[in-house]
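Here's the structure we're looking at; comments come further down.
The values are calculated or read from the model by the stated rules, or taken from the named source; none is laboratory data. Note that the structure is a prediction, hence the values are computed from the model and not measured. Note: ideal-geometry Cβ built from the backbone for every residue, glycine included; neighbour counts use all protein chains shown. These accessible areas exclude ligands, DNA and RNA; they are computed on the full protein's heavy atoms, side chains included. Shrake-Rupley method; radii C 1.70, N 1.55, O 1.52, S 1.80 Å.
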Amino acid sequence: SLTKGQKAIFEKAKTVPRDKRLFFDREIFRLFFGDCYNYTRSFNDCISKIIINYLSGKLADSGIIREIFSEELKDMWSTRPDIVGFSILVNKQLLYSLALAKMIKESFNIPIVFGGPALFCYNLDELASTFGFIDFIVLREGEEAIVGLLKMINAKSFLGIPNLIWRRGKVFVFNENRCIKDLNLLPAPDFRG
């Protein structure tokens, strides 16, 4: 828990980004954000260790994991999606995404899709076999893959979908890798909601 002094620093730190004069003052930035950074880094290290134990099976869901993802799980209960996708842009997102995906699979038993540029750093066959709750992985460009997957999810026919890795029992099928030749053929992104 935070001391009174640390709480005061965190409260002041919230105002610094809103004030250009304070934000660009190196000494003020170091004073307020140095402590915040050190505290959050220590906190994240601790949470990461808990998540690693949860993912490796050394820690059952004792409520700690459920508390970490309480907002996300609350959203899941209210919306009840048919499928959940994780776009992993940077490596640091993978650990939290894996833990949340495992919890979603255990709670809702719905298909889980992973994709994003950070996955290029991993052996995807190993990733998919280690974490059995991942049903699909989208490689490279996902625009065609995710549309094809959503169209065929009920038919469970995934062979012709480019850039898709999918589970067939305990075996993973790697579909053809294909680049999008004309980006103008893609629909414009829809950011509603």
Spelling it out for Phe86: with amide H atoms placed in the peptide plane at 1.01 Å from N, the residues 5 or more places away or on another chain with amide H under 5 Å from its amide H are Val113, Phe114, Gly115
Output for the stretch 124-188: trypsin sites (Lys or Arg not before Pro) sitting in coil per DSSP, at most 11 other Cβ within 10 Å, listed by number, reads Lys156, Lys170, Lys181
A 1.4 Å probe over the protein heavy atoms gives the chain a carbon and sulfur accessible-area percentage of 57 percent
1/(1 + (r/R0)^6) with r = Cβ-Cβ of Lys14 and Ile47, R0 = 22 Å, i.e. FRET efficiency to nearest 0.05, evaluates to 0.55
Using eta = 0.692 mPa s and T = 37 °C, Stokes-Einstein with Kirkwood Rh from Cα pairs puts D for the chain, in µm² s⁻¹, at 168 µm²/s
antiparallel share of DSSP beta bridges within the stretch 93-193, to nearest 5, in %, is 70 percent
So, with points 7 Å from each Cα along the Cβ direction, the Glu27-Arg66 label distance in nm works out to 5.1 nm
When the chain is treated as a Gaussian network with springs between alpha carbons less than 10 Å apart, the largest mean-square fluctuation among Glu176, Glu11, Glu67 is found at Glu11
Beyond 31 Å (Cα-Cα) in this structure, taken from Lys74/Lys156; Lys4/Lys58; Lys92/Lys170; Lys12/Lys102; Lys7/Lys49; Lys12/Lys105, we find Lys4/Lys58; Lys12/Lys102; Lys12/Lys105
Per GNM of the chain with C-alpha springs under 10 angstrom, the most fluctuating residue out of Asp182, Asp45, Asp75 is Asp182
Quick calc, Asn38 & Leu59: beta-carbon distance into FRET formula, R0 30 Å, rounding 0.05, result 0.70
